[in-house]
Amino acid sequence: MKYMNSYIIISLLKLLLISYNIYYFYYIGLWITLKYEINEKEILIIGFNGLKRLEFQ
């Protein structure tokens, strides 16, 4: 029983670490591909080459 609990804790820590790395690489990729455009009518913030797009008017 003692080893079973440690196995579960280690597995959950690995899962947490993997999910944190995916989250971290997502924001690094977003930061690298971020592009700003300022027009007369609006401000565009484009990330991931158009997959994520914010418009402010």
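The values are calculated or read from the model by the stated rules, or taken from the named source; none is laboratory data. These figures come from a predicted structure and were not determined experimentally. All Cβ positions, glycine included, derive from the backbone under ideal geometry; neighbour counts span all protein chains shown. Just so you know, the surface numbers come from the protein's heavy atoms only, side chains and all, with ligands and any DNA or RNA stripped out. Shrake-Rupley method; radii C 1.70, N 1.55, O 1.52, S 1.80 Å.
Below is a table of values for the structure above.
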{"item": "Top-ranked residue of region 14-42 - restricted to ones that are within 18 Å of ARG53 (Cβ to Cβ) and of a type in the set (S, T, N, Q), ranked as surrounded by the fewest Cβ atoms within 10 Å (Cβ to Cβ)", "result": "ASN39"}
{"item": "Residue identified as of a type in the set (A, V, I, L, M, F, W, C) and over 20 Å from the mean Cα position of the chain (by Cα) among ILE38, ILE18", "result": "ILE38"}
{"item": "Checklist (1) open to solvent by less than 90 Å² (accessible area, probe 1.4 Å); (2) within 12 Å of the chain's Cα centre (by Cα) applied to ILE8, failing item", "result": "(2)"}
